[in-house]
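Below is one structure, written out as structure tokens, with a few remarks after it.
Every number here is computed from the coordinates shown, using simple stated rules; none is lab data. Quantities reported herein were computed from a predicted structural model and do not represent experimental measurements. Positions of Cβ are backbone-derived with ideal geometry, glycine not excepted, and every protein chain shown enters the neighbour counts.
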Amino acid sequence: MGKSKVDVPKHIVIIPDGNRRWAKKHGLAPVEGHKKGLDVAFKIVKASKNLGVKVLTLWSFSTENWSRPRKEVHYLMRIYQIFFKKHVKELIEEGVRFKWLGRRDRVPKTLKSLLEKIEEETAKNKNYILNICLDYGGRDEIVRAVRKIMARKIKPAQVTERLIDQNLDTAGMPEPDLLIRTSGEKRISGMMPWQTAYTEFYFSKLFFPDFSLAELKRAIADFSNRQRRYGG
């Protein structure tokens, strides 16, 4: 028998996969799938906050996505900028703390400035953390963490799991409880390999533009019925 009380994950990670396939299915250009995906993402931000989730991480652009057609990448960066400009006021008013996870040296300067400004303006908010993974790759994150540690000339014997935690993009955040990937793909493709050692996975068959509050609740209910042993 399942639990009667739903155990809401403190930290949910979503890999919003299937935007381009959704667009193709509807006879649209790939960018239209990304636009629809961003609209869905904002609804999920609000819904998860109302359900009691404290941290939501969305993977919007991976380190590998630079290999996509140049025109598509250009449009993606533009629609991210339009999206955040449109919703920044609401994020601030609702007490959302915004965090950008990923590399910052390759993103267009105007988008970089905007995202860093939102980070600064929401830094004191405590109600809810929204992580956007932009130019993010899990292996790249670990490499950057190791470089930070080496730059401080820390001795090998002093390197601990806690020290690595403190140098990751997610420093100070709870590890993910639940990772959701949409579109039927059953892999995590390098999303937080360090942080997801004991994360529960939920693979939805829906393309992300079709993802809904009902599907989010389904994933949370599924998570709630699992027993997490942490190796014990």
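For the set 49/109; 25/85; 10/49; 36/86; 25/205, the pairs lying more than 21 angstrom apart at their alpha carbons are 49/109; 25/85.
Using only the alpha-carbon atoms of the chain as identical scatterers, what base-10 log of I(q)/I(0) does the Debye formula give at q = 0.09, 0.16 Å⁻¹? The computed values of log10 I(q)/I(0) come out as -0.38, -1.24.
Here the 3J(HN,Hα) profile of region 36-44, calculated from phi with Karplus coefficients 6.51, -1.76 and 1.60 at θ = phi - 60°, is 4, x, 5, 4, 5, 4, 5, 5, 5 Hz, Gly and Pro shown as x. Mean-square fluctuations from a GNM of the chain, with a 10 angstrom spring cutoff on Cα atoms, peak among 215, 161, 94 at 161. Placing +1 on the Cβ of every Lys and Arg and -1 on the Cβ of every Asp and Glu, with no other charges, gives region 2-51 a dipole of roughly 80 debye about its Cα centre. Each stretch of four or more DSSP H residues adds -39500 (n - 2.57); spread over every residue of the chain, this sum gives -14000 deg cm²/dmol at 222 nm. Pairwise over distinct Cα atoms, reciprocal of the mean inverse distance: report the Kirkwood radius of region 121-197 in Å, one decimal place. So the Kirkwood estimate lands at 14.4 Å. Result for the chain in a Gaussian network model with C-alpha springs under 10 Å: among 202, 75, 128, the largest mean-square fluctuation is at 75.
Neighbour counts of C-beta atoms inside 10 Å place 150, 192 in the sequence 150, 192, starting with the fewest. Computed on the chain, with alpha-carbon pairs under 8 angstrom and 6+ residues apart, the relative contact order is 30 percent. Name the shape class, rounded, prolate or oblate, that the alpha-carbon gyration tensor gives for region 174-232, where a ≥ b ≥ c are the square roots of its eigenvalues, rounded holds for a/c under 1.5, and otherwise prolate holds if a/b is larger than b/c and oblate otherwise. Judged from the Cα gyration tensor, region 174-232 comes out oblate (a/c at least 1.5, b/c at or above a/b). The charge dipole of the chain, taken about its Cα centre with unit charges on the Cβ of Lys, Arg, Asp and Glu (plus for the first two, minus for the last two), comes to roughly 260 debye. Across region 25-162, Cα pairs under 8 Å and at least six residues apart give a relative contact order of 32 percent.
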